[in-house]
Amino acid sequence: MRDLLVMQQVQSLQRVAVILNHMKEQSNELKHSNEKVGSLESKLNKAKLALPIADQLKLDLATAEQNKGSSECGPPRGRSYPAGGGATQPMAEAEKTADEDAMEDAA
């Protein structure tokens, strides 16, 4: 009788150990997923910052194409760009991030 009780307890402990290992695996997966969500949110925020700049560059390009052949050169009137190309810096960061994402996906 006593041996039967010991065997039942051992089996119960084995089941608990299996459940515990499964929970640890799920916890690790959840942590990894949360890290990935944080990374994706950061990339999304960078893309959101670059979007208005890209839209403005598209408008500037359309204006320049409309003015093609005219004597106007440089940015459209009322629009100036910081020295050193500062207006395109967030766009370059977004492109760099996209390149890094492609490298991570390939790995």
Residues Ala17 and Leu40, FRET efficiency given R0 of 25 Å [Cβ-Cβ distance, rounded to 0.05] | 0.10
Go through region 49-63 residue by residue and turn each phi into a ³J(HN,Hα) via Karplus (6.51, -1.76, 1.60, θ = phi - 60°); whole Hz please, and just put x for glycine and proline.
-> 5, 7, 4, x, 5, 5, 4, 5, 5, 5, 4, 4, 5, 4, 5
The whole-number value in µm²/s of the Stokes-Einstein translational diffusion coefficient for region 1-55, with Rh from the Kirkwood sum over alpha carbon pairs at 25 °C and 0.890 mPa s, is 162 µm²/s
For Lys36, go through the lysines and keep the ones whose alpha-carbon is under 16 Å away, minus same-chain ones fewer than eight residues off.
-> Lys46
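The numbers here are math on the coordinates, done by the rules we state, and not lab data. Owing to the predicted nature of the structure, the values given are computational and were not obtained by experimental measurement. Every residue, glycine among them, receives a Cβ derived from its backbone with ideal geometry; neighbour counts consider all protein chains shown.
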